[in-house]
Amino acid sequence: MGSKIYRDKDVNLDILKNKTIAVLGYGIQGGPQAQCLRDSGLKVIVGAGPREQFPDWDKAKKDGFTVMPIDEATRKGDVVHVLLADPVQPTVYKEAIHSNLRPNCTLSFCHGFNVLYGGIVPPENVNVVLFVPNAPGHLVREKFLSGSGIYGAVAVDRDVTGDALNIILALAKGAGSTRVGVVEISFQEETEGDNFEEQVLYGGTIHLMKAVFETMVKNGYNPYFAYAKAIRSLRSVVDVMDETGIEEYISKLSSRTCEFAVRTNGPRVINYNEIQKIFEETERGDFATRWMQEWQLGLPHLHRMRRTGADSEMEKIGKEWRKQFGEG
Ligand SMILES: NC(=O)c1ccc[n+]([C@@H]2O[C@H](COP(=O)([O-])OP(=O)(O)OC[C@H]3O[C@@H](n4cnc5c(N)ncnc54)[C@H](OP(=O)(O)O)[C@@H]3O)[C@@H](O)[C@H]2O)c1
């Protein structure tokens, strides 16, 4: 594993020719990835939960796929690409996937959580790999159709056939990602990196927005003005920084007052010790343990917090803000 960037010219799709890719689940990632793989000339079938219970069965059928129960698709798959929702994967895996995997087939994931933490323990005689594009499924599809792709990562946890890396790179190519670039990481890095990002970047940013709104309103500001400051302002700035880099944005494209504010007082808001602590908790598996417990208990904390969040002044102002100012 190194810093090599795999692009189209480095990856041969032929390794998947005459092979059947069984995409299990036709949701946010499953639908778009299945369609891109098919458009790349690969043979794709879809495995879904019972038709009367899971509407995605009919969605896949409507999109022209051969759809079948998960156990049957697994038996037919040379590559079994598990795109089921993470929390249900261990149960579905035990019931319908494990005993139906053919020796020397490739079991592939889009997130390493269940393999890393033992919710899924694959048999010794199959490849275990991962491909993740760095975007939600609809963008994977949109970029693919426009002739581009989404930067992605692959990982190999077990290589029994000697070509597991080439197989998962070919899958990444079929989904369009090697048009842009794909790097190799480990299951552990993918999982912990993802969990770390969700806690610190998403969690931190969302709570920062709330703190900006609440502080301004508490100090007498017009709540519509505070709402726009807390949320809308970030929108264009993030896109510009993504396109030009942070330094170019701060030193050239923002105002000098903004530059001074960012450089001097921005760091005061960040608690580096807590970020390091969250990183360590994530590495120790503490976050995964708490999340699995929460899931098994029926999400009591999430239900409670959703209720409080929906009742908050910021949410109410947000609804009104969108009605009054729309896209403005
Ligand atoms: N969402 C993203 O943008 C994203 C990004 C990177 C990686 N990933 C990874 O991609 C994988 C799939 O995630 P996702 O977001 O695409 O999931 P999702 O849309 O929430 O669900 C995927 C599929 O799972 C099916 N499903 C749920 N419960 C089931 C059950 N008990 N039996 C059979 N099928 C069941 C759903 O069917 P119904 O819809 O019919 O209920 C749906 O087709 C995960 O490993 C995730 O971490 C996702």
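The values are calculated or read from the model by the stated rules, or taken from the named source; none is laboratory data. For clarity, every value in this text was computed on a predicted model and none was experimentally measured. In this analysis, Cβ positions are derived from the backbone assuming ideal geometry, glycine residues included, and neighbour counts consider all displayed protein chains.
For the subset of the range 82-127 comprising residues that are among the hydroxyl-bearing types (Ser, Thr, Tyr) and more than 11 Å from the ligand (Cβ to nearest atom), which member is nearest to ASN166 (Cα to Cα)?
Within the range 82-127, the match that is nearest to ASN166 (Cα to Cα) is THR106.
For every residue, the table says whether it meets (1) part of a strand (DSSP E or B); (2) touching a residue at least 12 places away in the same chain (Cβ under 8 Å); (3) under 20 Å from the mean Cα position of the chain (by Cα).
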position: LYS4; (1), (2), (3): no, yes, no
position: ILE21; (1), (2), (3): yes, yes, no
position: PRO32; (1), (2), (3): no, yes, yes
position: ILE45; (1), (2), (3): yes, yes, no
position: PRO50; (1), (2), (3): no, yes, no
position: PHE54; (1), (2), (3): no, no, no
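Consider the range 17-36. How many of its residues are within 14 Å of the ligand (Cβ to nearest atom) and under 23 Å from ASN100 (Cβ atoms)?
So the count comes out to 11.
Do we find that VAL217 is surrounded by 17 or more Cβ atoms within 10 Å (Cβ to Cβ), assigned by TED's automatic domain parsing to the domain that holds GLU280, more than 29 Å from ASP286 (Cβ to Cβ) and more than 17 Å from the chain's Cα centre (by Cα) in this structure?
yes
Condition check: touching a strand residue (DSSP E or B) at 6+ places or on another chain (Cβ under 7 Å), within 10 Å of the ligand (Cβ to nearest atom) and either farther than 18 Å from GLU192 by Cα or modelled with pLDDT under 95 (or both). Does LEU130 satisfy that?
So LEU130 fails the test.
So, of the residues in the range 58-68 that are in a helix (DSSP H, G or I) and among the charged types (D, E, K, R), which turns out to be surrounded by the most Cβ atoms within 10 Å (Cβ to Cβ)?
LYS59
Step by step: first the residues of the range 40-57, then only those that are more than 9 Å from the ligand (Cβ to nearest atom) and surrounded by fewer than 15 Cβ atoms within 10 Å (Cβ to Cβ), then the one that is nearest to ASP14 (Cα to Cα). Which residue is that?
Top of the filtered list is GLY41.
Looking only at residues that are in a helix (DSSP H, G or I) and touching a helix residue (DSSP H, G or I) at 6+ places or on another chain (Cβ under 6 Å) in the range 69-81, which one is farthest from the ligand (Cβ to nearest atom)?
This residue is ARG75.
One line per residue, one yes/no per condition, for (1) touching a residue at least 60 places away in the same chain (Cβ under 8 Å); (2) part of a helix (DSSP H, G or I); (3) of a type outside the set (Asp, Glu):
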| residue | (1), (2), (3) |
| --- | --- |
| ASN125 | no, no, yes |
| VAL140 | yes, yes, yes |
| ILE150 | no, no, yes |
| GLY162 | no, no, yes |
| GLU190 | yes, yes, no |
| GLY193 | no, yes, yes |
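For the range 133-163, give me the residue count where each residue is surrounded by fewer than 20 Cβ atoms within 10 Å (Cβ to Cβ), more than 11 Å from the ligand (Cβ to nearest atom) and of a type in the set (Gly, Ala, Ser).
4
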